[in-house]
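The values are calculated or read from the model by the stated rules, or taken from the named source; none is laboratory data. Since we're looking at a predicted model, the values are computed, not measured. Cβ: placed from backbone, ideal geometry, glycine included. Neighbour counts: every protein chain shown. Heads up: the accessible areas ignore ligands, DNA and RNA and are worked out on the full protein's heavy atoms, side chains in. Shrake-Rupley method; radii C 1.70, N 1.55, O 1.52, S 1.80 Å.
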Amino acid sequence: MKKILFIYPNLYAQIGFNYGISYISGLLKAHNIETHLLNINEKLGYPLDHERIKRDVLSIKPDIIGFSVLTNQFKYAMEMASHIKQYYSAPILFGGIHPTMDPHGTMIDKNVDVICIGEGEEAILELLQKGAPASIKNLGYRIDDKIILEPLRPFIDINKLPFKDYTIFDFQQMIDAKDGWVGLMASRGCPFRCTYCLNHKIMKLYKENGHLPKYYLRRYSVDQIIYEIEYILKHYKRVKMFIFNDDIFTFDKAWLKEFSEKYREVTNIGFVCNAHARIFDEDTAAYLKNAGCKIVKFGLESGSNRIRKNVLNRHMTNNDIENAFNIAHRFGLHTSAFVMIGLPHEKKEDMLETVKLLARIKPGRFRWSLFFPFIGTRAYDIAKEANQIDFKKIQELDNFTDDTCMDLGEEENLLVDKIKSQFCLFVNGYGNMDGKEKYLSLIKKIENMDRALWGREKEKIKAYVYEIDKEMKEKGLLYYTVKYNPFMGVRSDWEDDSLSS
Ligand code: B12
């Protein structure tokens, strides 16, 4: 029986269930292929330990080793591949989003024998059945020094795939490590083409191979998702929350209506999902509320229409955004807003428009990230053309929450650091929140600080803000404060700590 060993580098970043590996493993097992996984994650007890990996590889003796690689993890995948090549000769294959976004960049590394571009289920099955990559669609390989990229096959019919293989992961360990939060995906794809995301690139790649983008957005039937939820609740314990990672869970209203009726019948565990401000109405809010949605998340990304339009290719007005949040709040839904700072071409006034928009819509919580130029995306090209990427720093970052690799100029870089460190303060000060005066006077002081003074004062200011927040809490006034993780601001009137992640 053929045997594959998957390796999933997930180091120094958010713990995650890799849906891609679980779908592929489900299909391979259905074809009597043995699958194994090394989930390299220091938080789950498997740090980057090459000796341990060597012991596992030599005891499993796979016919092929398949890495699932995101861009932030590429450097670790390459490091592991170079170590493995010293003691094991089986072909090494890199699949996942990074090789899809940068196939040639991935093949530069001679330790990578084969790459998979796009969806891997059928390609990897064919490779394990045939034994060599030539003429297998979606694969890339080398002949002598020449890199050959085979054309892409159509998007897979996800409703025909065998059930996901949950057993390849220590899934109960992951549930407990994520405090009972379980990720699900009810669809693949997104109709929008935001420049910082992967979807526009995937659609372009498949279109260049004759596969129309309209076939990209696919959804599982409601019954399939309900079956999966029942499977998880039957086989695993301590599940507190389901989180749908679909780009837009609310895209199809008929589907959502059916889901909202059937979901309540199988569980009263809450769920979290992504919606879209331009396609969010009262029906959608009602279906979510009825189904037991605990948090509905919206991508705002920037409060500047100039940046949204010219840099992010996101066509919505602040009005669209405010309407969506008002509807959600009217239906008693807890909202979450995603925003980014340090965006290409972003100026002080753009960053403050993001702060002011948050202060106006008053989401239940907001989560900020530092723009990361992912290779292969349009936003990467925009940032590169503007000479705003620090290419040394980009290699060092493991996620897009700790630090930025963008260089927007000294004044903007300093403001990015100030807002990143005191996002809640800026929203509290720029909004018509209860204690705005105190917050605003502090903001004005901060805005006038040069980098040296800011560096000296940063920690003192943290302590001072803590004192103001405490006072606000005692008076029962409304303000935002950092909660659950260091890049999330939560409204002070939000009490339900079960929604921690
Ligand atoms: C689910 C999800 C997560 C999950 C799990 C991620 C994972 N797979 O590792 C969690 C919540 C943990 C997560 C965390 C993060 N994520 Co995330 N996440 C997603 C999301 C929403 C869906 C990905 C997915 O599961 N798709 C469905 C599956 C079936 O498709 P797939 O993963 O692409 O797998 C298919 C192919 O790629 C291929 N394939 C995949 N692996 C392999 C392996 C082999 C051997 C082969 C042959 C083929 C193959 O076949 C699979 C089946 O067809 C995407 C957005 C999106 N729409 O894609 C962002 C995304 C993948 N995340 C992203 C990022 C940046 C992160 C974080 C760094 C964010 C942070 N917090 O800082 C962390 C880091 C996690 C890490 N691993 O280090 C970026 C990645 C960009 C890039 N170029 O790398 C994306 C694309 C978001 C974006 N819009 O840019 N994420």
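Sort out which residues of segment 120-137 are farther than 17 Å from Ile65 by Cα and either within 12 Å of the ligand (Cβ to nearest atom) or open to solvent by less than 20 Å² (accessible area, probe 1.4 Å) (or both), and write them in order of number.
Across segment 120-137, the qualifying residue is only Ile136.
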- [ ] Could you give me the residue pairs with C-beta distances under 7 Å whose first residue belongs to segment 107-135 and is in a loop (DSSP other than H, G, I, E, B) and among the charged types (D, E, K, R), whose second residue is open to solvent by 40 Å² or more (accessible area, probe 1.4 Å) and at pLDDT 95 or above wherever it lies, and which are 6+ apart or on separate chains?
- [x] Asp109/Met78; Asp113/Pro91
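Looking at Gly96, is it under 22 Å from the mean Cα position of the chain (by Cα) and either more than 8 Å from the ligand (Cβ to nearest atom) or closer than 24 Å to His31 by Cα (or both)? Spell out the reasoning first.
On the way: under 22 Å from the mean Cα position of the chain (by Cα): yes; either more than 8 Å from the ligand (Cβ to nearest atom) or closer than 24 Å to His31 by Cα (or both): yes.
So Gly96 passes the test.
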- [ ] Look at segment 58-84 and say how many of its residues are touching a strand residue (DSSP E or B) at 6+ places or on another chain (Cβ under 9 Å), of a type in the set (Val, Ile, Thr) and more than 26 Å from Ile143 (Cβ to Cβ).
- [x] 1
TODO: State which residue is surrounded by the fewest Cβ atoms within 10 Å (Cβ to Cβ) when the search covers only segment 1-24 and only residues that are near the ligand (Cβ under 10 Å from one of its atoms) and more than 17 Å from the chain's Cα centre (by Cα).
DONE: Ser22
Task: When residues of segment 141-166 are limited to those that are out of contact with any Asp or Glu (no Cβ under 7 Å at 6 or more places or on another chain) and assigned to a strand (DSSP E or B), the one nearest to Ile64 (Cα to Cα) - done: Arg142
TODO: Residue by residue through segment 191-220, note down the ones that are out of contact with any His (no Cβ under 9 Å at 6 or more places or on another chain) and assigned to a loop (DSSP other than H, G, I, E, B).
DONE: Pro191, Thr195, Tyr196, Cys197, Leu198, Asn209, Gly210, His211, Leu212, Tyr216, Leu217, Tyr220
Task: Search result, residues across segment 226-249 that are more than 19 Å from the chain's Cα centre (by Cα) and within 14 Å of the ligand (Cβ to nearest atom) - done: Glu228
Open item on the list: Can you tell me which of (1) within 11 Å of the ligand (Cβ to nearest atom); (2) out of contact with any strand residue (DSSP E or B) (no Cβ under 9 Å at 6 or more places or on another chain); (3) part of a loop (DSSP other than H, G, I, E, B) is the one Tyr87 doesn't meet?
Closed with: (1)
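Results for (1) modelled with pLDDT under 95; (2) more than 30 Å from Leu370 (Cα to Cα); (3) not small (Gly, Ala, Ser), shown as yes or no for each residue.
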{"position": "Ile65", "(1), (2), (3)": "no, yes, yes"}
{"position": "Ser68", "(1), (2), (3)": "no, no, no"}
{"position": "Ala90", "(1), (2), (3)": "no, yes, no"}
{"position": "Leu127", "(1), (2), (3)": "no, yes, yes"}
{"position": "Lys137", "(1), (2), (3)": "no, yes, yes"}
{"position": "Pro151", "(1), (2), (3)": "no, yes, yes"}
Task: Qualifying residue in segment 155-178 (condition: closer than 21 Å to Thr267 by Cβ and of a type in the set (Asp, Glu)) - done: yes
- [ ] Working only within segment 108-119, note down all residues that are more than 14 Å from Asn138 (Cβ to Cβ) and either among the aromatic types (Phe, Trp, Tyr) or open to solvent by less than 20 Å² (accessible area, probe 1.4 Å) (or both).
- [x] Val112
- [ ] Give the residue that is farthest from Arg218 (Cα to Cα), with candidates limited to residues of segment 145-179 that are open to solvent by 50 Å² or more (accessible area, probe 1.4 Å) and basic (Lys, Arg).
- [x] Lys146
- [ ] Could you run through segment 385-435 and say how many residues are surrounded by fewer than 17 Cβ atoms within 10 Å (Cβ to Cβ), of a type in the set (Lys, Arg) and away from the ligand (no atom under 16 Å from the Cβ)?
- [x] 1
Task: Test for Ile382: is it out of contact with any Lys or Arg (no Cβ under 7 Å at 6 or more places or on another chain), in the same structural domain as Phe298 (by TED's automatic domain parsing), surrounded by fewer than 20 Cβ atoms within 10 Å (Cβ to Cβ) and aliphatic (A, V, I, L, M) - done: no
Open item on the list: Please go through (1) closer than 25 Å to Gly409 by Cβ; (2) within 15 Å of the ligand (Cβ to nearest atom); (3) touching an Asp or Glu at 6+ places or on another chain (Cβ under 7 Å) for Pro373 and return the number of the only condition it doesn't satisfy.
Closed with: (3)
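Inside segment 375-425, can you point out the residues that are among the hydroxyl-bearing types (Ser, Thr, Tyr), touching a residue at least 24 places away in the same chain (Cβ under 8 Å) and more than 14 Å from Ile341 (Cβ to Cβ)? Talk me through it step by step, then tell me what you get.
First pass over segment 375-425, keeping only residues among the hydroxyl-bearing types (Ser, Thr, Tyr): 377, 380, 401, 404, 421.
So of that shortlist, the ones also touching a residue at least 24 places away in the same chain (Cβ under 8 Å) come out as 377, 401, 404, 421.
Answer for segment 375-425, where residues must be among the hydroxyl-bearing types (Ser, Thr, Tyr), touching a residue at least 24 places away in the same chain (Cβ under 8 Å) and more than 14 Å from Ile341 (Cβ to Cβ): just Thr377.
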Task: Candidates His329, His315, filtered to the one that is surrounded by fewer than 20 Cβ atoms within 10 Å (Cβ to Cβ), free of Cβ contacts under 8 Å to residues at least 60 places away in the same chain and within 23 Å of the chain's Cα centre (by Cα) - done: His315
Task: Number of the exception - Leu27 against (1) part of a helix (DSSP H, G or I); (2) within 11 Å of the ligand (Cβ to nearest atom); (3) hydrophobic (A, V, I, L, M, F, W, C); (4) under 30 Å from Leu397 (Cβ atoms) - done: (4)
TODO: Please state which of the following conditions Arg451 fails to meet, knowing it meets all the rest: (1) modelled with pLDDT of 95 or more; (2) crowded, with 16+ Cβ neighbours inside 10 Å; (3) not assigned by TED's automatic domain parsing to the domain that holds Glu349.
DONE: (2)
